[in-house]
Amino acid sequence: MVKNVFLVLALVALIVANGYLVLAAGDGCTAPPLICKAAANQDRSLYVRDHSRYQQKIRVERSKSGDASDKDSEVRETTAMVEPDTKPDKTGRVPVVVKVISDTDKHGNPKKRVAENDTSFLSFGAVMDLAFFPLLPENLKFYEFQEVVADRKNEKWYRFSPKPDATNVPLASGTVEIDPDTGEVLTIKIDGLHNLDKLDKEARRLKSFSATIDYSQFEGALRMPTLASGSGISEIPRFQGHFKFNFEEAKYVLVAKVD
């Protein structure tokens, strides 16, 4: 009960501050106004997510050739709990801890013993966050935006891609589907990740990545990446080859203080 009250109070505070957050994203923002609102939506959603404990599940199919009939093809299903660490690191930031709670071998058979810190595709949280939250306010100045025709009348769609001279910050390219009234992000379709060498030394080995991410409304104010699927090509050690994935995220519980 206490945790639930804490969560509600925190979210009420965010809703009350909503007008300020939108203004903050739009202050000096040269992107279309609806994109500025979407950026504020992504910013506050990621902020609460980073202060929460939640569960992630992923199924990854991997092969050398990209052909499912490849005799060397593998299937792995992993479930992890994600939460902020109990203390900051040397930089003063609080890292996110990923603990594996169930896993399979490369044939999809459940493991009897699971190591919490075992490396899986979920270990590359920085890459996933770049795909899930590409339109943060600080990144808008690096993007070009173009409105495209939406397949649904009650949505606005924008194509985004890095500006030609935006080479020093990790970015994504794709299409964002937005609620035109609230600025809430509904779906993002990623067709590329760029400048991954600026993210970390392993991420740069991810040669291609595409994904469709669907966001669910959380407590009437936030949008969390609850479903995703995609594919790519990786040269990351232990994850080399062509891959396809299906991802789920759920069970959010606020565990850290929200300012």
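The values are calculated or read from the model by the stated rules, or taken from the named source; none is laboratory data. Predicted model only: the values in this text are computed from it and were never measured. Please note: Cβ atoms are built from the backbone with ideal geometry, for glycine as well, and neighbour counts cover all protein chains shown.
For the stretch 188-223, taking the residues that are touching a Lys or Arg at 6+ places or on another chain (Cβ under 9 Å) and buried (at least 20 other Cβ atoms within 10 Å of the Cβ), the one that is farthest from residue 44 (Cα to Cα) is identified as 196.
How many residues are buried (at least 18 other Cβ atoms within 10 Å of the Cβ) and assigned to a loop (DSSP other than H, G, I, E, B) if we restrict to the stretch 145-156? Counting residues in the stretch 145-156 that are buried (at least 18 other Cβ atoms within 10 Å of the Cβ) and assigned to a loop (DSSP other than H, G, I, E, B) gives 0. So is residue 237 closer than 20 Å to residue 124 by Cβ, surrounded by 15 or more Cβ atoms within 10 Å (Cβ to Cβ) and not β-branched (Val, Ile, Thr) or not? Taking the combined requirement at face value, the residue does not satisfy it. The residues on offer are 184, 202, 147, and the sole one that is of a type in the set (Asp, Glu), touching a strand residue (DSSP E or B) at 6+ places or on another chain (Cβ under 7 Å) and closer than 26 Å to residue 82 by Cα is 184. Flag set for residue 184, criterion: buried (at least 16 other Cβ atoms within 10 Å of the Cβ), closer than 20 Å to residue 224 by Cα and charged (D, E, K, R).
Scanning the stretch 129-158 for residues being free of Cβ contacts under 8 Å to residues at least 24 places away in the same chain and either touching a helix residue (DSSP H, G or I) at 6+ places or on another chain (Cβ under 9 Å) or closer than 16 Å to residue 211 by Cα (or both) gives a total of 1.
Inspect the stretch 157-171 for any residue being among the basic types (Lys, Arg) and either surrounded by 15 or more Cβ atoms within 10 Å (Cβ to Cβ) or modelled with pLDDT under 95 (or both) and give the result as yes or no. Outline the logic, then answer.
Taking the stretch 157-171 as the starting set, the residues that turn out to be among the basic types (Lys, Arg) are 159, 163.
Checking the rest, the ones that are also either surrounded by 15 or more Cβ atoms within 10 Å (Cβ to Cβ) or modelled with pLDDT under 95 (or both) come to 159.
Looking for residues that are among the basic types (Lys, Arg) and either surrounded by 15 or more Cβ atoms within 10 Å (Cβ to Cβ) or modelled with pLDDT under 95 (or both), one finds at least one in the stretch 157-171, hence yes.
Output the number of residues of the stretch 187-197 satisfying the condition of being without any contact (Cβ under 8 Å) to a residue 60 or more places away in the chain and either within 13 Å of the chain's Cα centre (by Cα) or within 13 Å of residue 225 (Cβ to Cβ) (or both).
Taking the stretch 187-197 and keeping what is without any contact (Cβ under 8 Å) to a residue 60 or more places away in the chain, we get 187-192, 194-195, 197.
Now restrict to residues that are either within 13 Å of the chain's Cα centre (by Cα) or within 13 Å of residue 225 (Cβ to Cβ) (or both): 187-190.
Qualifying residue count, the stretch 187-197: 4.
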